[in-house]
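Beneath this line is the structure, given in structure tokens, with notes to follow.
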Amino acid sequence: MGMGGLNTEAIPSQMSDLRVLACFKATPDFEALREADWATAAAGGVETRYVRRVLNCFDESALELALRLSETAARRGVRAELGALSVGGRDVEPYLKTLVALGYERATRVPPEAAGGESEVAGGESGLDFAPGVVASIIAAYAQRVAHSDLVVLGWRSGPGDSGTVPFRVAEALGWPCLTQVTEVEPLSDDRLRVACVADDGPLRLTLRGPCVLAVGNAVVSHLRVPTLKDRLARRHRPIEVLAAADLGVDIAAQRHRETCLPTGFETIDRSRRGVVIEGQSPHDKAQTLFDSRLRDIMETL
Amino acid sequence: MDLSREGVVDGLQRIVEPGDVITDEKILIESSVDNFRKLQNIFGVHTMPVPAAVVMARSTEKVAAILRFADRHGINVIPRTGGTATEGGLESAVPDSIVIDGSAMNEVVNIDAYNMQATCQCGVPLQVLEDRVRELGLTTGHSPQSKPVAHMGGLVATRSIGQFSTLYGGIEDMVVGLEAVFPNGAVTRIKNVPRRAAGPDIRHVVIGNEGALCFITEVTVKLFPYFPENNVFLGYTLKDMKTGFEALRAVMVNGYKPSVARVYDPGDAGLHFSHFVADDDCVLLFMAEGPAGIAKATAAGVEGIVAAFPECTRVDSAYIETWFNDLCWGPDKITAEDERIRQTRNVNRTTEISADWSSINDIYQAARARIIEEIPDITMMGGHSSHSYINGTNMYFNYFFNVVDVGPAEETTKYYLPIISIICEETLKRGGSIVHHHGIGKARAPWVKDEYGSSYYILETLKQAFDPDGIMNKGTIFPL
Ligand SMILES: Cc1cc2nc3c(=O)[nH]c(=O)nc-3n(C[C@H](O)[C@H](O)[C@H](O)COP(=O)(O)OP(=O)(O)OC[C@H]3O[C@@H](n4cnc5c(N)ncnc54)[C@H](O)[C@@H]3O)c2cc1C
């Protein structure tokens, strides 16, 4: 592990037929925050420093879909090589170690600050929480220059206050198409994939040839499998690669400067509706009251 | 049993409103297990005998009538309230049982803020009672993680314990009086007094009976003033559990009563505190509460004691406070966890034991090492101590494994029971107790005689005296 430059030896061998890069972000577990704790942090936004991190749920789907893809590929005689990338601080390392234990061959993080400026405080804010352009440049550069990826899979968005544009920007930078709301991926051969996604008028299945970015939406697969302690032990010496953005040709400070829109506050909009609890001795009584008080009139007008 | 399945249903319909006798197949099947075999419910695979009916109890008199009916015909009865049991206490060990569901007996009967006690029926969810007394600036002091879903009857029946136990004690320290119905229909009320020395304390025949002696219909618990504004949180990281146990011991034996005193091992700490700990860190944490002067003095005292352990590094209290505020499990978390298990086949189980200060670390180390060595497919093996006393503490083993190459029904035999077995062996060997707060249920009943030794005579005699026909929750506490 170290902030080394590009490791050319690590460039995947020609053995792998399909190189898949799955990207993820560790986000604060907003569900662990009480409403009262949505206090405004000094820097603007919600104070999330004290909450544990979880895998962004859409990225979690993407990571598991990539594992399943490689298993299906193996059964079909195609070798898929999996890489995982996160633009994140030290607090993403536990996730990278888990992914290595699960069979990801490369696990890389790119610290969100320019080299030397990385905040090494565990749990600290990433500094790139609202800089989709920078994050996308890093991912695209890594996919192209280091991992030589054929496929990039990542969640279609992360959490409250995100831009939802990272997958599109990655695709744009790579000059690849981007499929959104992806729910399933299946390799047919070394260059053909069958992808299920949800379009405006319903679910559809596409067969694709050539590289692309898949932005995973509400997939049925929403949980990453868990490695055993023995898997962890067996792969504990595999390094977690730490690359500086500069090594990928990305100048964080300069790009950051160009991203002029920054969210400075969040507020939830109260859309709760008033509920009425219907009292009654039995389900039958309650149904009758519901019908008499609310439904009868509506039914009659119909 | 001298009745057919239909005969049981028919008999019940004569005692209660027919609508209160539930025979819906899905509900019956779900009622044949609890969290001990939760995988069966999650995957829809069922192996336990299906009860004849779930009957909703609506009054003490009806409970008495149902029990008399069951006793007369030798029908197994399974008392139930919140349904959050983890040790098989709700499992139907034999076919055609009656599940008596007390969840509709959900009236808060009286909140007596002058005498600082509250009386409620067995089906009152603890959260409901707690919310009601909080409106008066009071608290029950009871806060098990299942507070949003467990009910007062079940909480008393299992000798449950909550997160603030180091200050308020377990449920046995809170119950002042209660009402219970025995299998012969006898309704017994134990009056609410501050203390008495009029013979043995018979509350303890009922508290912790796990539905194997009687049905609890009403309980009265103590109330305490609630001062959340005075809460002080303290957190530390450290590198080994032995030091953690020593620090807990030092706090206890020096006479301090923080409401929360816990130490997490690195595995368990990783689950809760990964945002501020390293891989190999343990976490020691405390909460002091009460009137301002006491909370402040307690926190200062604890801080002073922990300062004598240079291995402990202080962390920002806000980490502990934020974490603590999200510790309880409501239906939303339970459903999410079921879905996670369905997808990953990665199961989380827990087993809690207690022992004196001399043995606790050895039990923890020995059981943990054996489980990792002997049990396949373990993904996390850790735990924490969360309830401390002057003479010892508990260990809450928290572990995850992948269910591999077997169906959901075999999860208990391939993984769960062998793990429980190791924990019980290592605990008994060193003189500890194999059950700290979840109850024996059916899961740990095979070890009950070893747990009790010569005092099993007393326990066994209670069963013979109060349930001579053996109709109360067969297989629970007393192995079949
Ligand atoms: C997510 C989760 C967190 C938990 N956290 C804690 C915790 O922090 N501390 C703790 O102590 N426990 C905990 N538990 C275990 C469980 O919540 C407790 O054992 C609780 O006391 C059970 O209450 P219940 O109302 O759900 O009882 P049930 O599950 O309905 O029944 C439990 C047992 O009591 C018997 N019983 C139920 N009602 C009666 C009655 N009226 N009369 C006689 N017997 C009866 C049943 O036959 C059964 O054996 C947890 C469980 C879960 C699922």
| field | Residue, nearest to the other protein chains (Cβ to nearest Cβ), within segment A:224-240, restricted to residues that are charged (D, E, K, R) and over 15 Å from B:Asn402 (Cβ atoms) | value | A:Arg236
| task | Would you mind finding the one in A:Ala26, A:Ala36, A:Ala42 that is under 25 Å from B:Ala336 (Cα atoms) and at pLDDT below 80? | result | A:Ala36
| Which residues, counting only those in segment B:150-161, are within 11 Å of the chain's Cα centre (by Cα) and more than 6 Å from the ligand (Cβ to nearest atom)? | B:Val156, B:Arg159
| query | Can you tell me which residues in segment B:271-293 are open to solvent by 30 Å² or more (accessible area, probe 1.4 Å) and either among the charged types (D, E, K, R) or out of contact with any strand residue (DSSP E or B) (no Cβ under 8 Å at 6 or more places or on another chain) (or both)? | reply | B:Asp279, B:Asp280, B:Ala292, B:Gly293
| request: Filter the strands (runs of 3 or more DSSP E) completely within segment B:53-103 down to those with at least 1 residues that are touching a Pro at 6+ places or on another chain (Cβ under 8 Å) and in the same structural domain as B:Ile22 (by TED's automatic domain parsing). | output: B:77-80, B:98-101
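Kindly indicate whether A:Ala74 is more than 17 Å from the chain's Cα centre (by Cα), modelled with pLDDT under 95 and not in a loop (DSSP other than H, G, I, E, B).
yes
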| field | Output for segment B:311-323, where each listed residue is within 12 Å of chain A (Cβ to nearest Cβ) and either among the acidic types (Asp, Glu) or surrounded by 18 or more Cβ atoms within 10 Å (Cβ to Cβ) (or both) | value | B:Val315, B:Asp316, B:Ser317, B:Tyr319, B:Ile320, B:Glu321, B:Thr322, B:Trp323
| Of all residues in segment B:338-358, which are within 14 Å of chain A (Cβ to nearest Cβ) and touching a helix residue (DSSP H, G or I) at 6+ places or on another chain (Cβ under 9 Å)? | B:Asp338, B:Glu339, B:Ile341, B:Arg342, B:Gln343, B:Thr344, B:Arg345, B:Asn346, B:Val347, B:Asn348, B:Arg349
| request: Among the helices (runs of 4 or more DSSP H) lying completely within segment B:123-214, list those that include at least 3 residues that are open to solvent by less than 10 Å² (accessible area, probe 1.4 Å). | output: B:126-134, B:152-157
| note | Filtering segment B:8-18 for residues that are free of Cβ contacts under 8 Å to residues at least 40 places away in the same chain and open to solvent by less than 70 Å² (accessible area, probe 1.4 Å) leaves a count of 1
| query | Got a number for residues in segment A:71-90 being closer than 21 Å to A:Ile240 by Cα and surrounded by 21 or more Cβ atoms within 10 Å (Cβ to Cβ)? | reply | 10
| query | Is it fair to say B:Ala93 is touching a residue at least 60 places away in the same chain (Cβ under 8 Å), surrounded by fewer than 24 Cβ atoms within 10 Å (Cβ to Cβ) and within 12 Å of the ligand (Cβ to nearest atom)? | reply | yes
| Would it be correct to say that A:Val100 is open to solvent by 30 Å² or more (accessible area, probe 1.4 Å) and among the hydrophobic types (A, V, I, L, M, F, W, C)? | no
| query | Of all residues in segment B:100-110, how many are open to solvent by less than 40 Å² (accessible area, probe 1.4 Å) and not acidic (Asp, Glu)? | reply | 6
| note | Exception for B:Glu30 within (1) touching a residue at least 12 places away in the same chain (Cβ under 8 Å); (2) within 16 Å of the ligand (Cβ to nearest atom) falls at (1)
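The values are calculated or read from the model by the stated rules, or taken from the named source; none is laboratory data. Quantities reported herein were computed from a predicted structural model and do not represent experimental measurements. So basically every Cβ, Gly included, is an ideal-geometry build from the backbone, and we count neighbours across all protein chains shown. Accessible surface is based on the protein model in full, side chains and every heavy atom, while ligands, DNA and RNA are left aside. Shrake-Rupley method; radii C 1.70, N 1.55, O 1.52, S 1.80 Å.
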